[in-house]
1. Relative to the present Cα-Cα distance, how much length would full extension add between Asp39 and Asp250 at 0.36 nm per residue of separation?
2. Label the chain by shape, choosing from rounded, prolate and oblate, from the square roots a ≥ b ≥ c of the eigenvalues of the Cα gyration tensor; if a/c is under 1.5 it is rounded, and otherwise prolate applies when a/b is larger than b/c, oblate when it is not.
3. As an exercise, identify the GluC sites (Glu not before Pro) in the stretch 279-374 lying in DSSP coil whose Cβ has no more than 14 other Cβ atoms within 10 Å.
4. Classify the stretch 77-127 as rounded, prolate or oblate from the Cα gyration tensor: take a ≥ b ≥ c as the square roots of its eigenvalues, call it rounded if a/c is under 1.5, otherwise prolate when a/b beats b/c and oblate if not.
5. For a test of the definition: using alpha carbon positions, the gyration tensor, and the 1.5 limit on a/c, classify the stretch 191-282 as rounded, prolate or oblate.
6. By how many nm would the segment from Val88 to Ser100 grow when fully extended, if each residue of separation counts as 0.36 nm and the alpha-carbon distance is taken off?
7. Based on Cβ point charges of +1 for Lys and Arg and -1 for Asp and Glu, what charge dipole magnitude is obtained for the chain about its Cα centre, in debye rounded to the nearest 20?
8. Per 0.36 nm of contour for each residue apart, how much would the distance between Thr116 and Gln369 grow if the chain were fully extended, relative to their Cα-Cα spacing?
Amino acid sequence: MPSDGTLPAGNGIVQLPTTSNLRLQSNPWQNHNPDSYEDLQSEFTPLLFSSLERYLPQNLLNAPRGTKHKYMREILRRYSNEGDRNRVQKHREYRERITSNYQPLYRSLYELNATTFFVPSFINAFMVNDNNRDERIKSIMSQPAPGVYAFDMLQPRFCEMLLAEVENFEKWICETNFKIMRPNTMNKFGAVLDDFGMDSMLDNLMEDFIRHISKLFFSDVGGYALDSHHGFVIQYGFNRDTDLGFHVDDSEVTLNVCLGKQFSGGELYFRGVRCDKHMNAEALPEEIFDYSHVPGHAIIHRGRHRRGARPTTAGQRVNLLLWCRSSVFRELRKHQTDFVSWCGECQQKMRERVHQAVTAKRVKLFRGQEESAS
Ligand SMILES: [Zn+2]
């Protein structure tokens, strides 16, 4: 029996180790093709299991799916306490209350359909999975500032329909007096699309499209292993939120698409990416950047890219937000002390350390030369 307590056996049966021995590998099995857990019900999202599977100990990789599911679920449970699990259960009931009563205006919005949702340039970049896909994705993107990528994404008709669907949902809330949860602590208006049935459509959007972009540009924050999302719309203007203070998102990667309507103002101001420790550090001149929204156009950036939204001074502005998260990245982050690959301040501190080391070395060498000359 191996020292870690797992028992590899014939006929595909792998005995589960005792709870204290549950463990994952620190590096993923890159060539392992994980199972799908879509049809298995548990308190955790199925995508999480597919992502985590690459980190299983070798003797479990080809175990029956049920065995792997049970093993990973035990690990995940150790990280979520009972309070969290109750909250998840309550939230599931809340969603069920909405979806069993709300009548959608456009059912076609609830299932991802690339040809009716996206502009042709966007579809063409992703549709064929060949060696040139990365290059095609890069070719539809502009990078107006470091770490911020912009591209044309949604068809005008899709934007109109989604706006109408959200208005229909809000009308239903008013009529039925239903108490809804707002998208986050900073927006008093807006709606969580996941809560009224768009969860799986947005999961597909993340899986089939956003994941490929994130892998290219944001692999340093887990862009290669996005496994859950929070999808919502926010509304700015008269009788709505006016602006949004300086903040970061609870996401690894954020997709932000303007749906319309007509508006003035509402620009986003960016101030560089920071880790928790350096959240309040000054922005460097090259990190200061303003972005003006265009309906149908998207930007994508790291969730920890500090920013805010200026007041929408006229009309109404509605944006679709998709916060994409990686449980693997969050787990790995706990074991790191600096974030040189993505935090502007950690990078600055490292440059200073290198500079000091070089200076010290030079002084030492110089002294050595002086001594040998004397
Ligand atoms: Zn930092």
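1. On the way: separation 211, 0.36 × 211 = 75.96 nm, distance 2.73 nm.
Going from the current span to full extension adds 73.2 nm.
2. Numbers: a/c = 1.88, a/b = 1.12, b/c = 1.67.
Oblate, because a/c is 1.5 or more while a/b does not exceed b/c.
3. Details: sites: Glu282, Glu286, Glu287, Glu331, Glu345, Glu352, Glu370, Glu371; in loops: Glu282.
Listed in order of number, the matching sites are Glu282.
4. Working: a/c = 6.59, a/b = 1.73, b/c = 3.81.
Verdict is oblate for the stretch 77-127.
5. On the way: a/c = 1.98, a/b = 1.09, b/c = 1.81.
Oblate, because a/c is 1.5 or more while a/b does not exceed b/c.
6. Numbers: separation 12, 0.36 × 12 = 4.32 nm, distance 1.83 nm.
Separation in residues times 0.36 nm, less the Cα-Cα distance, equals 2.5 nm.
7. Details: 47 positive and 46 negative charges, 180 e Å.
For the chain, the charge dipole is close to 860 debye.
8. Values: separation 253, 0.36 × 253 = 91.08 nm, distance 7.29 nm.
So the chain would gain 83.8 nm between Thr116 and Gln369.
None of the figures in this text is laboratory data; all of them are computed from the coordinates on show. Just so it is clear, the structure is predicted and the values come from calculations on it, not from any experiment. With ideal geometry, Cβ positions are generated from the backbone for all residues, glycine too; neighbour counts draw on all protein chains shown.
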